[in-house]
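Undergrad: This is the structure I have questions about; it appears just below.
The values are calculated or read from the model by the stated rules, or taken from the named source; none is laboratory data. What you see is a predicted model; the values in this text were computed from it and never measured. Backbone-built Cβ (ideal geometry, glycine too); neighbour counts: all protein chains shown. SASA here: full protein model, heavy atoms, side chains in, ligands and nucleic acids out. Shrake-Rupley method; radii C 1.70, N 1.55, O 1.52, S 1.80 Å.
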Protein chains: 2
Amino acid sequence: MGSRLGFEIKAKDIGARVGVLEVGDKLIETPALMPVVSPKREVISPKELREEFKVSALMTNAYILLRDEELREVVLDKGVHKLLGFDGVVATDSGSFQLMQYGNVLTSNKEIIGFQNSIGSDIGSFLDIPSMPDAFKARAEEQLDLTLDRAREARGEADFIVNAGIQGSSYLDLRARAAKEVGKDFRLCAVGGIVGIMEAYRFPELVDIIATVKKNIPLNRVVHAFGLGHPMVFSLAAALGCDLFDSAAYALYARDGRYLTPMGTLHLDDLSYLPCCCPACSRYGLELKELEGVERTRELARHNLYVSFAELARVKQAIYSGSLWNLLSVRLRSHPRLLSAIKSLSEHGSWLSTLDRITGKASFYHLGPEAEYRTEVFNARERIGRVDSSRRVRMPPFGDVPVELSSIYPFVSYMAPDGVGVEEIYAQVRDIDRLRAMMDYQFGSGASSLIPKRVRIKNSRRTGRMRWVYLDGELIASLRASDNWIIPKEKLALSLHEKFPRPLLRVSVDDEAKPFVEEGKSVFCKFVVEIDVNLRCMDEVLVVDREDKLIRVGTLHLSPGEVMEYDRGMAVRVR
Amino acid sequence: MGSRLGFEIKAKDIGARVGVLEVGDKLIETPALMPVVSPKREVISPKELREEFKVSALMTNAYILLRDEELREVVLDKGVHKLLGFDGVVATDSGSFQLMQYGNVLTSNKEIIGFQNSIGSDIGSFLDIPSMPDAFKARAEEQLDLTLDRAREARGEADFIVNAGIQGSSYLDLRARAAKEVGKDFRLCAVGGIVGIMEAYRFPELVDIIATVKKNIPLNRVVHAFGLGHPMVFSLAAALGCDLFDSAAYALYARDGRYLTPMGTLHLDDLSYLPCCCPACSRYGLELKELEGVERTRELARHNLYVSFAELARVKQAIYSGSLWNLLSVRLRSHPRLLSAIKSLSEHGSWLSTLDRITGKASFYHLGPEAEYRTEVFNARERIGRVDSSRRVRMPPFGDVPVELSSIYPFVSYMAPDGVGVEEIYAQVRDIDRLRAMMDYQFGSGASSLIPKRVRIKNSRRTGRMRWVYLDGELIASLRASDNWIIPKEKLALSLHEKFPRPLLRVSVDDEAKPFVEEGKSVFCKFVVEIDVNLRCMDEVLVVDREDKLIRVGTLHLSPGEVMEYDRGMAVRVR
């Protein structure tokens, strides 16, 4: 395989991640949207994509370049970057789409791979065969076998990063098999053959397909939702862990007068008002409808891109602030068929909850029955089981929550239409009882015993809430203002270390990393030798050496699975 | 009272209306958002508001102009339009806000009215007293009495259109009394003293206050939700029938670094991405955060205005297309407190359903328990009661719907996460049975008997659905493709006229209008002498003369209540 691909996670929420993707020496922030530029029918120039839309990666079609005599000459001579006038990442498609549309293509896998090598694609594709949704299973299987052969061929031949197509039609067993095989060899995996499913609004199946692929490839694989370009689906696909999207839709829809919004597609001709304030809509207003031909397509395409990138920013912001579920509750209501994806989400909830972070700053909005399947709820319910309490308060969807937990995330952030008077409850509970319950919740049953009666709890002057915990004059813990999470100091860490046997609460690091960690440097994934799988991203963890000697305390920044499967990026931010 | 105010409805959905407001010789399309321009701390110039934001009406504060010696001189000399450099509608506030903020003001009702006369306000206010939410009732009552005295004073003194404040704190009985008194005399009514309620996210109460006011004033009154400037509430307030909003928020929030979105307020400093593509956000990107002082406030204010106007356009588009409930299901999920307004909405549902239209083109999205309270559901359930059928299909929230109705709006437009196979059901029912059930549904029990067995039904070649109904070779009805609504021709109209006694299905017009209607001209409200109150906007109606002679058939364009209370605008579009 060709150029180097690196991928590091910067922020997480549900299964989603904001990451930095290194393609050779070029960087892309993910989730990223790659606009598709048609080599023969360019609607918005790569220059404008770069300058106006800050696009760092785009897609084009190698098959079209190969089949057009004139273009082929030029691109072989100048390379695809010069042809397009774009110095960012250029991903090329192999003609698979044409294969699906027209049943055959006039190239071979070997030829199209060689061609992509020659034109300098940063990312390229082998000639995978997208099976139609609901294809006969035997046919889908046959096509998958051929696809996997071609994948193997690509492994040896491609000088580019292979955007490795995972096919299998609507058959989840085929998808799983494809994912296992492809995921083994390729670091960039493309969920292919999903356009038809999306266009038919078969969102529950879309969720099942993406989740099946994700579950069967290593967590450090970058995932491209191939052909997914409608902003109404970005939040859902990102939540499932898709990192790359591509949009031919912005231009194709524009040609048909279709006007994208994050809540669905409208027809320009049906509009009496433009429900948008992008530069195109602000400039033209309803006169957008009066434009003709190329100009109309162009301006409508610009609108489509503006709203697509704005939605992507919204999704990324939600990942950063931990409010992606809140956004999903809104977006799923763009259409009943999208809302019906909840059922599928619920089936993958327990898997997703291992990826989600355990705490955050964002409010928890209870906005409908889907709250039942929120990953926070899976995780919180499990941890509530660690806490012994005789006084409970009903907080749907969490169930009956020990009142002592009312001040810790997610309960402290809980907001429901039928409000629960958390402040009132807070006043009824002694600080020490609260602290002990929170210890059990955060670290495990029995952690409460590490807080003896004689601790002195100091409260915030401003909020009246617990902030510092002293034992025999020594600060043993502080509580973070944003989520009331307990941050153990050395003494408490030692007690936790003693109380809970290996591997619980622990991230064990290699000797090589030990001196750096001792100095307070972050723990990087590649130096982690063992981790407690019950931990969750954003948990406070004990960093230990191979002999289980406590080195430092820190905050886990990935899920345990990711820590073990990533060879780069930070695992624990050490205090 | 001063200049003429005219108001005509162009489109309706739920309690919302798109209208044209005539202020003297100036026109405003409603729902309209009037940005507030502070005479002393202008953030965005009226010129830019006009040119860039297409603002046709703005607000400023007459009290500040009065109290500032320098400004007073200038504005008395040049008038408020020249002072601001704005030739659209200028509405002025009287200092009520200052009164609420500071407890007293240095002017009198008479003085501030006179001053607004002198400076040429198009719309002005008397010195009403906004009671605080949860004020002592006796105090709120006292303040209301004084407000009503001042209203009476304004009636005689004001040369401008009075934006008549309806106060009463959170007491609905006081609000009702105020609305009755104020609504009698003034054509522009302002729901006042609601800013505190909104800022505390007390949305259920906001709904109750607005609904109480609306129920107690004539339907032809223009309603200003005073101080309501956050786009997250526009759809809700519009659905309840508010026509005017004003926003000081765009500038005030900008000063604090608050970034408006239709889903709530964000803090610019918290953002890692700008979830927006307005010209300000597109131009600056995250550098918006680096701007300082006046420039930062200005650009943030521009963003706030762009998203506010885009949301207003979204609301107006939803009214036009009849999808306001779908939008509400999304917007109410911006925050759990907003979602809690559903309960209040449900209590006003039966009232709202008299205002809503009975059919439309938009899909009916079932997106959550709020669907139960949708006005379409109130109306449809009532009409389902007219239909006799032994075969029913479950369509929550409508309940058990006669299968024969599966092809008429709203059932034909019904979309739920758990899909109902309407197409399948359609195939099982004979056209004649369907047609008869639809007759009962649309016109009343027994209308089915007007379709004898010998009718010939012609179906669309394209869709296979019923399109034309012939009796003895004569076309007696057609079915509209968009909603399968029955459009009766003369023969069927005569049968309906015979079958259903006066005033059922009828709009009776004055003799003066009769010759015009005979020619096929629209029926205007002022010529309607009687109307069947069971009709709904968009129903097919019989237009009759005073002697109940059938003149023509047509489509009702307002609710019966509106038809009787409006003296302008179209009531029935005659075929």
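Undergrad: What about B:PRO35, is it in contact with a strand residue (DSSP E or B) (Cβ under 6 Å, 6 or more places away or on another chain) and assigned to a loop (DSSP other than H, G, I, E, B)?
TA: So B:PRO35 fails the test.
Undergrad: Looking only at the range B:359-368, which residues are open to solvent by 10 Å² or more (accessible area, probe 1.4 Å) and within 8 Å of chain A (Cβ to nearest Cβ)?
TA: B:TYR365, B:HIS366, B:GLY368
Undergrad: Count, please, the residues in the range B:483-531 that happen to be of a type outside the set (Ser, Thr, Tyr), touching a residue at least 40 places away in the same chain (Cβ under 8 Å) and closer than 17 Å to B:MET439 by Cα.
TA: Qualifying residue count, the range B:483-531: 18.
Undergrad: Tell me, which residue of the range B:392-450 that is assigned to a helix (DSSP H, G or I) and within 14 Å of chain A (Cβ to nearest Cβ) is modelled with the lowest pLDDT?
TA: B:VAL422
Undergrad: Okay, next question. Would you please list the contacts, defined by Cβ atoms under 7 Å and residues six or more apart or on different chains, that run from a residue in the range B:532-560 that is of a type in the set (Gly, Ala, Ser) to a residue that is part of a loop (DSSP other than H, G, I, E, B) and open to solvent by 10 Å² or more (accessible area, probe 1.4 Å)?
TA: B:GLY554/B:ARG575; B:SER559/B:ARG536
Undergrad: Of these, A:ALA151, A:ALA176, A:ALA190, which one is in contact (Cβ under 8 Å) with a residue 12 or more places away in the chain and under 20 Å from A:GLN101 (Cα atoms)?
TA: Among A:ALA151, A:ALA176, A:ALA190, only A:ALA190 is in contact (Cβ under 8 Å) with a residue 12 or more places away in the chain and under 20 Å from A:GLN101 (Cα atoms).
Undergrad: Return the residues of the range B:194-245 that are part of a loop (DSSP other than H, G, I, E, B), more than 24 Å from B:LYS526 (Cα to Cα) and either open to solvent by 10 Å² or more (accessible area, probe 1.4 Å) or out of contact with any strand residue (DSSP E or B) (no Cβ under 6 Å at 6 or more places or on another chain) (or both); say none if nothing qualifies.
TA: Result: B:ILE194, B:ALA200, B:TYR201, B:ARG202, B:PHE226, B:GLY227, B:HIS230, B:LEU240.
Undergrad: If you don't mind, there's one more thing I want to ask. Only one residue in A:GLY349, A:GLY322, A:GLY385 is within 22 Å of the chain's Cα centre (by Cα) and either more than 14 Å from every other protein chain (Cβ to nearest Cβ) or surrounded by fewer than 22 Cβ atoms within 10 Å (Cβ to Cβ) (or both), so which one is that?
TA: After applying the criteria, what remains is A:GLY349.
Undergrad: Moving on. Out of all the residues in the range B:152-169, which are of a type outside the set (A, V, I, L, M, F, W, C) and either in a helix (DSSP H, G or I) or at positive phi (or both)?
TA: Correct list: B:ARG152, B:GLU153, B:ARG155, B:GLY156, B:GLU157, B:GLY168, B:SER169.
Undergrad: Continuing with this model, one more query. Here is a check on your reading of the model: is B:THR107 modelled with pLDDT under 95 and either surrounded by 15 or more Cβ atoms within 10 Å (Cβ to Cβ) or in contact with a His (Cβ under 8 Å, 6 or more places away or on another chain) (or both)?
TA: Criteria met by B:THR107.
Undergrad: Condition test on B:LYS12, is it outside any helix (DSSP H, G or I) and farther than 21 Å from B:ALA249 by Cβ?
TA: Taking the combined requirement at face value, the residue satisfies it.
Undergrad: Tell me yes or no: at least one residue of the range A:299-306 is touching a strand residue (DSSP E or B) at 6+ places or on another chain (Cβ under 7 Å) and facing chain B (nearest Cβ under 7 Å).
TA: no
Undergrad: Let me ask something else. Hey, which of the strands (runs of 3 or more DSSP E) in the range A:506-551, taking only ones fully inside, have at least 3 residues that are at pLDDT below 95?
TA: Output list is empty.
Undergrad: Every residue in the range A:184-193 that is buried (at least 23 other Cβ atoms within 10 Å of the Cβ) and either touching a Pro at 6+ places or on another chain (Cβ under 6 Å) or assigned to a loop (DSSP other than H, G, I, E, B) (or both), please.
TA: Across the range A:184-193, the qualifying residues are A:PHE186, A:GLY192, A:GLY193.
Undergrad: OK, next. Does any residue of the range A:170-181 turn out to be more than 14 Å from chain B (Cβ to nearest Cβ), in a loop (DSSP other than H, G, I, E, B), modelled with pLDDT of 95 or more and in contact with a Phe, Trp or Tyr (Cβ under 9 Å, 6 or more places away or on another chain)?
TA: For the range A:170-181, residues more than 14 Å from chain B (Cβ to nearest Cβ), in a loop (DSSP other than H, G, I, E, B), modelled with pLDDT of 95 or more and in contact with a Phe, Trp or Tyr (Cβ under 9 Å, 6 or more places away or on another chain): absent.
Undergrad: Considering each residue of the range B:300-314, count those that are among the hydroxyl-bearing types (Ser, Thr, Tyr) and within 21 Å of B:GLU290 (Cβ to Cβ), and give that number.
TA: Qualifying residue count for the region: 1.
A quick yes/no check of all residues on (1) assigned to a loop (DSSP other than H, G, I, E, B); (2) out of contact with any strand residue (DSSP E or B) (no Cβ under 9 Å at 6 or more places or on another chain):
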site: A:LYS82; (1), (2): no, yes
site: A:PHE97; (1), (2): no, no
site: A:ASP134; (1), (2): yes, yes
site: A:ALA140; (1), (2): no, yes
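Undergrad: Among residues belonging to the range A:325-346 that are more than 23 Å from A:HIS557 (Cβ to Cβ) and of a type in the set (A, V, I, L, M), point out the one that is farthest from the other protein chains (Cβ to nearest Cβ).
TA: A:LEU345
Undergrad: Which one is nearest to B:ARG187 (Cα to Cα), of the residues in the range B:42-51 that are without any contact (Cβ under 8 Å) to a residue 60 or more places away in the chain and open to solvent by 20 Å² or more (accessible area, probe 1.4 Å)?
TA: Here the residue is B:ARG50.
Undergrad: Hey, another quick one. For the range B:119-165, give me each residue that is charged (D, E, K, R) and open to solvent by less than 30 Å² (accessible area, probe 1.4 Å).
TA: B:ASP122, B:ASP128
Undergrad: For the range B:460-478, what are the residues that are open to solvent by 10 Å² or more (accessible area, probe 1.4 Å), under 27 Å from B:TYR414 (Cβ atoms) and modelled with pLDDT of 95 or more?
TA: Within the range B:460-478, B:ARG467, B:TRP468, B:SER478 qualify.
Undergrad: Among the residues of the range B:15-32, which ones are under 30 Å from B:GLU153 (Cα atoms), in contact (Cβ under 8 Å) with a residue 24 or more places away in the chain and either part of a strand (DSSP E or B) or open to solvent by 30 Å² or more (accessible area, probe 1.4 Å) (or both)?
TA: Selection gives B:GLY19, B:LEU21, B:VAL23, B:LYS26, B:LEU27, B:ILE28, B:GLU29, B:THR30, B:ALA32.
Undergrad: Collect the residues in the range A:259-279 that are away from every other protein chain (no Cβ under 11 Å) and free of Cβ contacts under 8 Å to residues at least 40 places away in the same chain, keeping them in residue-number order.
TA: Result: A:THR265, A:LEU268, A:ASP269.
Undergrad: Scan the range B:374-385 residue by residue and report those that are free of Cβ contacts under 8 Å to residues at least 60 places away in the same chain and either assigned to a helix (DSSP H, G or I) or of a type in the set (D, E, K, R) (or both).
TA: The answer is B:ARG374, B:GLU376, B:VAL377, B:PHE378, B:ALA380, B:ARG381, B:GLU382, B:ARG383, B:ILE384.
Undergrad: Next up: Looking only at the range B:247-258, filter to residues that are of a type outside the set (A, V, I, L, M) and surrounded by 19 or more Cβ atoms within 10 Å (Cβ to Cβ); which one of those is farthest from the other protein chains (Cβ to nearest Cβ)?
TA: Looking at residues that are of a type outside the set (A, V, I, L, M) and surrounded by 19 or more Cβ atoms within 10 Å (Cβ to Cβ), I get B:TYR253.
Undergrad: Here's another thing I want to ask about it. Any residue at all in the range A:269-283 that is crowded, with 22+ Cβ neighbours inside 10 Å, part of a helix (DSSP H, G or I) and under 26 Å from the mean Cα position of the chain (by Cα)?
TA: Checking the range A:269-283: not a single residue is crowded, with 22+ Cβ neighbours inside 10 Å, part of a helix (DSSP H, G or I) and under 26 Å from the mean Cα position of the chain (by Cα).
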